[in-house]
Amino acid sequence: MKKVATMIYLIKGNKILFLERRKKNDKVHKQGMHLALGGKIEKGESVEDCVKREALEESGIKVNKVNLKGIIYFRSFGEEQEDWIDFLYTSNDFVGKTKNGSEGEVMWVDKKDLNKLNLYEGDKIFLDYIFNKK
């Protein structure tokens, strides 16, 4: 079975918005990891609507425009051995003040400090491609 999800990095100057997961561990995510905002697409929802909804739910930020940076395919990801298709976005067109949601705390991190974050190995690759224009 394939699942479809979105991820977005919000960019303000030299800073990127991350979610530090505080929710208990599940089959995919671990507590204390730094993540992009995002989540699963709901029935009848477009990919773009999903990424905007997830950003608002997880951070309080209303995203206006998004930029598709890539599509990632995870084969047999998680305990249930499901394949995931993930749409990866960035945006610098948004409004609102950040607020923490049920998933965890949001924080602005300077690009030069990305190596100090607790990131999944795959996220390090995505960030390198996005921000170092590889």
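Values quoted throughout were computed directly from the atomic coordinates according to the rules given, and no laboratory measurement underlies them. If you're wondering where the values come from, they're calculated on a predicted model, not measured in any experiment. In this analysis, Cβ positions are derived from the backbone assuming ideal geometry, glycine residues included, and neighbour counts consider all displayed protein chains.
The table that follows gives values for the structure above.
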quantity	calculated
Segment 79-107-segment 119-134 distance, computed between alpha-carbon centres (Å)	15 Å
Charge dipole (debye, nearest 20) of the chain; +1 at Cβ of Lys and Arg, -1 at Cβ of Asp and Glu	400 debye
Under 5 Å, built H, 5+ apart or other chain: amide partners of V4	I41, I85
Label-point separation in nm, D83 to N132, each point 7 Å along Cα→Cβ	3.0 nm
Principal axis dimensions, largest first and in whole angstrom, of segment 89-131 by Cα	28, 23, 18
CD proxy at 222 nm, helix term only [per DSSP H run n ≥ 4: -39500 (n - 2.57); per residue of the chain; nearest 500]	-5500 deg cm²/dmol
Chymotrypsin sites (Phe, Trp or Tyr not before Pro) within segment 58-134: DSSP coil, no more than 16 neighbouring Cβ in 10 Å	Y120
The chain: C-alpha pair distances exceeding 18 Å, %	52 percent
Selection from W108, Y89, L68, by position along the positive dipole direction of segment 68-117 (Cβ)	W108
The chain: antiparallel DSSP beta bridges as a percent of all, rounded to 5	75 percent
Across K97/K124; K43/K111; K99/K133; K3/K133; K3/K43; K65/K116, pairs whose alpha-carbon gap is larger than 23 Å	K97/K124; K43/K111; K99/K133; K3/K133; K65/K116
